[in-house]
Structures are given as structure tokens and as C-alpha cells.
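What follows is a set of notes on a single structure, which appears directly below.
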Amino acid sequence: MSIVHTILKATLDFILPQRCILCNDEIIQGMLCNNCLDYIPEAKPPLCQFCGRPIKKRSRCGFCKKGTHIDYGRAFMLFVPPYDKIIHHFKYRKKTNLAIFFGRAMASIIKSHYFLKDADTIVPVPLFWWKNLRRGYNQAALLSEIISQECNIKMNDILKRIKNTKTQTRLNEEARRKNVLDAFRVKQNGIKGKRVILIDDVMTTGATINECARVLKEAGAKEVYSCVAAITPG
Ligand SMILES: [Zn+2]
Ligand SMILES: [Zn+2]
């Protein structure tokens, strides 16, 4: 950063103090105030063992009950208002620093999980190249970089998105599965016999991650786990 930029930024910071992205309270550093941080709705047990979604009693949630290629999965927080706004900032408003916040939280979950901690490699869910170019970054890859450093597990950007799929937001469960069917390819060899952790920002029905897991297993992955920043409740 040039000296002019540095001075300009310092001046702007002085004129426009930083504010919490959720409640707009003034903060000294970071993006969330202490109060909002304290109330983050973490995904707490009992959890679906396959996707990590909090559930009432059963061992798998309504989505995984219909079949899943994920062996074990975990999530950091629930994708519920107003906290879903943090994900929105991370994904669409270039608040890429949030990768450090979410990545560290996800890393600590991975490090304390009996299976996930021993994974061989970390694979981000890819974006279609055009979306990646337009956004300027893949949020799942940013998370994977942080998690890889924190957990000391190699990251391998081995998946490629070959279909520019429709946004899933307005689709029902069945339509989501169809939408992502055959949307991914494995780019090169090297996944055979490996235990893989798939990383993404949000999981709703799990259709996207599940399709990635299917492709990885087809390419010979021994086990596929998942870890996401946020998950919708069961
Ligand atoms: Zn706040
Ligand atoms: Zn589940």
C-alpha cells in the first residue's frame, strides 16, 4: 500500500469509525462487536453425524436420511437471521477478512473431531470460473487456506465446477439435487485412498456438498467429510 493510501485509509478510519456488521455499534477492531460475538448461534449437539446439523433425537437429519456420500460432517454456526448476514458480507460484499474468523472457528472444530482431525487433505467446493472471476474470490477456497494452515492439513483444489448452476436459494430439495447433478469434475489424480474434508461457507439441504462427495468417491477417495461455516437448522 502506498503512503498516500495509508494516510487516506487512516483518515477515513478516523472519520468513519468501524461498525459492527450486525448491529452497527461502534467497534475498535474486527467486524463484530463483543455482544454479537457472544450470541453467535453455534451448532450444538445433538447433531446429525453426517452433516453436523443440530437435530432433536435421531442420528441423521431429514436430508441425510435420504442418503448421503458424506461420512462425517460438522458446522460452526446456524444459518439463521440475523447471523446469516455475516455470511452475506463474506460472500457478496468482499468482506474477505471474515475467512480468518470463520476459518479459525472451523479449524478448531476439525482439530477436536475424532475423524476429521486425521484427514489427508482439504478440498474447497469450487465456483464456476465465471462466478469466481466476477466475485474476485472463492469464499470456500479462502476458508480452506486458513483451515489448512491452522490444522496443518494440505489443501488440494482438485474439484472443478463444469456447470454454471442456477442459484439454489429458490429451489426445493429435489430441484437442488438435479441442479447440481454432474456439475463437478475431479481435475487430476491424487485423491485415491485419501480421507478428504470438503469445505464450504453454507450448507442448506447439502445437495452441493453431497454431489462433490459423490464425485470424489468415484475418483477413489476413501472417506469424505465436510465442514461448513454455517448450516440451516433441521
Ligand atoms: Zn454487534
Ligand atoms: Zn444430516
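For the reader, a short list of remarks on this structure follows.
- Average accessible surface for the chain: 55 Å² per residue, computed with a 1.4 Å probe over protein heavy atoms with every protein chain in place.
- Candidate residues Tyr83, Tyr92: accessible-area rank, largest first, probe 1.4 Å: Tyr92, Tyr83
- Helix-only mean residue ellipticity at 222 nm for the chain, each DSSP H run of n ≥ 4 adding -39500 (n - 2.57), per residue, nearest 500: -10000 deg cm²/dmol
- Candidate cross-link partners of Lys57 among the lysines, defined by an alpha-carbon separation under 30 Å and a same-chain spacing of 8 or more, comprise Lys44, Lys65, Lys66, Lys85, Lys111, Lys117, Lys178, Lys217, Lys222.
- Carbon/sulfur fraction of accessible area - the chain, other protein chains in place, 1.4 Å, %: 53 percent
- Coil-residue trypsin sites (Lys or Arg not before Pro) of region 35-84, DSSP, other Cβ within 10 Å capped at 11: Lys56, Lys57
The values are calculated or read from the model by the stated rules, or taken from the named source; none is laboratory data. Predicted model only: the values in this text are computed from it and were never measured. Every residue, glycine among them, receives a Cβ derived from its backbone with ideal geometry; neighbour counts consider all protein chains shown. Protein only, heavy atoms only, side chains kept; ligands, DNA and RNA dropped before computing areas. Shrake-Rupley method; radii C 1.70, N 1.55, O 1.52, S 1.80 Å.
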